[in-house]
Structures are given as structure tokens and as C-alpha cells.
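Below is one structure; the comments refer to it alone.
The values are calculated or read from the model by the stated rules, or taken from the named source; none is laboratory data. Because the structure is a prediction, the values reported are computed rather than measured. Please note: Cβ atoms are built from the backbone with ideal geometry, for glycine as well, and neighbour counts cover all protein chains shown. Only protein heavy atoms, including side chains, enter the accessible area calculation; ligands, DNA and RNA are left aside. Shrake-Rupley method; radii C 1.70, N 1.55, O 1.52, S 1.80 Å.
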Amino acid sequence: MNHVAGYITRKTMLYKTGVEYGDYTMNHVLGCAHGCKYPCYSFMMKKRFGQVSSYEEWKQPYLVSNTLSLLDKEIPALKSKIKSVMLCFATDPFMYGYDEIAQMSLKSIHKLNVSGIKCNVLSKGILPTELGKFSPNNE
Ligand code: SF4
């Protein structure tokens, strides 16, 4: 089991994506341990805007520690507009070997689901079996 490199905080969590097949999205981790080399568009953007300095740093993920409190604040304000939330476009919610990230992803999905919001999960990791108990609308 791996540990995250550290913790960061963000001011917002849910945002509307410009991608045609997406609605809202959230990225509660900075970096991605998969470190794909195609290259990764998210890595290139984070490097360009100075949030990550190197590929090695990108592979050491930082968890957004205030993810759940941001969701508590943002879900009531946005839920009438949200059709679905994608986890994630700029990281992986279930990157292999990072239980702390997986737990935060599960808690986030649960919070969204109990508010009637469907989640779409995009991952190259291993999906936890707990997801099977969540909303059947999730994809
Ligand atoms: S899994 Fe996605 S976010 Fe992670 S490094 Fe690969 S392309 Fe980038």
C-alpha cells in the first residue's frame, strides 16, 4: 500500500466540464501514480500552469484534504443543474495501491449519490467491490 505525498486544499471542487461527453467533474487529487507516457494531457496542463514541476512529481499524488467539506457546500447549490459527475478527468480516483485516495473517492461518490446525483468513474486502477452497493445509475 502506498501513501500520498501530502495534502493540499482547494477552494472549489465541482465544475462544469467543456468536454462534450461530460457534465460536471471533480478532481480531488493532484498528480497520478499511473504516470502514463502518451503523454498525459493532465500532466502537461499542470506542468504548463506551474502546479507540478516534473513528471516524477506528477507520479506522487497529493490528496485534496477538504474534498468532502467542499462537496457539502457545493452539492446543495448545484444539484438541480447537475446531470452527472465524472471522477476524474485530471487524475485517477482509484489509482492502484492508494487506499486513502480510494476511500475519499468512495465517500465522495456516496455523498453525490445520496443527493440523487449519478457518478461516472473513469479509472485505470481496480474498482473497489463496495461500488457495487452504490447507486445502480453510476457508470
Ligand atoms: S491515468 Fe489518466 S490522469 Fe493518470 S497519468 Fe494516465 S492519462 Fe494521466
(Q) I'm trying to understand the selection: among the residues of region 52-76, which are buried (at least 16 other Cβ atoms within 10 Å of the Cβ) and free of Cβ contacts under 8 Å to residues at least 24 places away in the same chain? (A) Val52
Q.
What's the total number of residues in region 10-45 that are open to solvent by 40 Å² or more (accessible area, probe 1.4 Å) and either within 24 Å of Leu112 (Cβ to Cβ) or not aliphatic (A, V, I, L, M) (or both)?
A. 14
(Q) Which residue is farthest from the chain's Cα centre (by Cα), if the candidates are limited to region 19-31 and must be more than 11 Å from the ligand (Cβ to nearest atom) and not aliphatic (A, V, I, L, M)? (A) Glu20
Q.
Quick check on Lys79: is it open to solvent by 70 Å² or more (accessible area, probe 1.4 Å), without any contact (Cβ under 8 Å) to a residue 60 or more places away in the chain and more than 9 Å from the chain's Cα centre (by Cα)?
A. yes
Q.
Please verify whether Leu106 is under 17 Å from Leu131 (Cα atoms), touching a residue at least 24 places away in the same chain (Cβ under 8 Å) and open to solvent by less than 70 Å² (accessible area, probe 1.4 Å), treating the condition exactly as stated.
A. yes
